[in-house]
Amino acid sequence: MARIALGISGGIGAYKAVEVARGLQQRGHDVVAVMTRNARRFVGRLTLEAITRHPVVTSQWTNGANAGVEHIALASSIDLLLVAPATANILGKFAGGIADDFLSALYLATTAPVMVAPAMNTHMFEHPAVQQNLRTLAGRGVAVLDPGAGYLACGWTGKGRLPEPAEIVDAAHRLVGGARSLAGVRVLVTAGPTFEDIDPVRYLGNRSSGRMGFAIAREAAGRGATVVLVAGPTALEPPAVHELVRVRGAVEMRDAVMARAEGTGAIIMAAAVADYAPAVREPRKIGKSADAVTLELRRTPDILAGLGAWRRERGAARPVLIGFAAETGEAVARGRRKLEAKHADFIVVNDVLEPGAGFEVETNVVTLVGRDWEEALPLQAKSSIAGAILDRLERALGGQVTP
Ligand code: PMT
């Protein structure tokens, strides 16, 4: 059971917050509602008080609310701050670090994970200022739920509707680690770059930080999977997993993966593996005498293609094989070709030239590409992308995606 602060800001979707509160309670969580002044115009404080069985926090300035410096006390006692609906105004305050009411002060004061469910008029949602604020928040690790599209209360049709309460409840429940949906499944994840040594001093590497792979490993562990993480050289702190294997080059990564592939339910290849490595690793530092040097490069083993062939030889449907494709144009078409060539079940395609996507950053923009389906995921935190990938994996394990 987690303690969840449910922030409600002043949008028409505020009435759905009652259902969200109820859904969270049904999953065994303790909910404290925090309402902004405008939220109270849309939904009654008494309703939420009766449902949550806690006083509803509305203001920092209520008599008696400051004996325990309420926003600090609540901030340090919660496992999640969930804001649904999150208006353009509250998102702007969060992004800008403004703390002029209880909810915005709570956002700054808490170290718990934060999830927001934006809901507003479609033009407001698409406004560059709002999109910039969402990117800022996602970049800080805030989980941003994608609003639904359709007929909006303001009479417009488009994107901006608060997701269904059940979807919000599911996402929040997963974030606090309540869903053990991958319990008993062994999941192998690769992350980070590979370094291919030229001599004892130099190497060929790439910009992968390991963030994407680590987010997937963390999410899988949170869902109860037994996670084996094979990581290339990266300075980032890895998540707590069942087994962490540190490797350097592509061959070492291949050996580590193949030795552990048997018995896995899924293998997710988020690592940026070198395609070429120096044909010879010089035993001593190459000196600076010639005006130009030529480096001969040879193809490295393709680990994902090797896994695809290994699985086909056995005529097996498991492990589910999920690859990535780092592209710089025509991303989906190229990703689809990799899906087929490597015999994966689906490929997570990112165009690394897109702002906020790909290497090093905390966010990504991807399209999941399966044999006869595609799902585009707009810019969001890598933790949310990881959640969407694992949702698809769970469907594949349940037999709903045919390899
Ligand atoms: O680590 P971050 O900073 O968070 O960045 C994330 C990321 C950009 C590294 C990640 O989102 C990503 O795109 N990873 C895959 C990078 C890559 O190597 O793409 P590719 O298109 O070259 O390879 C396609 C697939 O084959 C990948 O799953 C790759 O792991 C695999 N591969 C590639 C080469 C090789 N020799 N063996 C492989 O298994």
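Mind grabbing the base-10 log of I(q)/I(0) for the chain at q = 0.06, 0.08, 0.11 Å⁻¹? Debye formula, identical points on the C-alpha positions, no solvent, two decimal places. Calculated log10 I(q)/I(0) at the listed q: -0.28, -0.48, -0.84.
When the chain is treated as a GNM with alpha-carbon contacts under 10 Å, the residue of Ala279, Ala183, Ala21 showing the greatest mean-square fluctuation is Ala279. Taking Cα atoms only, the orientation of helix 17-26 departs from the longest principal axis of the chain by about 70 degrees. The angle separating the long axis of helix 128-139 from the principal Cα axis of greatest extent in the chain is about 70 degrees. The simple Förster model, with R0 at 30 Å and r as the Cβ-Cβ distance, assigns Arg3 and Leu236 a FRET efficiency of 0.55.
Hey, what did segment 186-397 get for relative contact order, percent, Cα under 8 Å, at least 6 apart? Intermediate values should be presented prior to the final figure.
Details: 461 pairs, mean separation 41.5, N = 212.
About 20 percent, as a whole number.
Over all pairs of distinct alpha carbons, what does the Kirkwood formula give as the hydrodynamic radius of segment 186-397, in Å? Every distinct Cα pair counted, the radius reaches 17.6 Å. Put a dot 7 Å past the Cα of Ile72, heading toward its Cβ, do the same for Val251, and the two dots end up 5.9 nm apart.
Going by C-beta contacts inside 10 Å, put Ser9, Ser77, Ser104, Ser209 in order with the fewest on the left. Could the numbers behind the result be given before it?
Details: Ser9 30, Ser77 13, Ser104 22, Ser209 19.
So the residues, fewest neighbours to most, are Ser77, Ser209, Ser104, Ser9.
For the chain, take the longest principal axis of its alpha carbons; what is the angle in degrees between that and the long axis of helix 250-260, to the nearest 10 within 0 to 90? For 250-260 against the chain, the angle is about 70 degrees. Cβ crowding within 10 Å ranks Val245, Val185 as Val245, Val185, fewest other Cβ atoms first.
No value in this document is a laboratory result; all are computed from the given coordinates. Model, not experiment: these values are computed from the prediction. All Cβ positions, glycine included, derive from the backbone under ideal geometry; neighbour counts span all protein chains shown.
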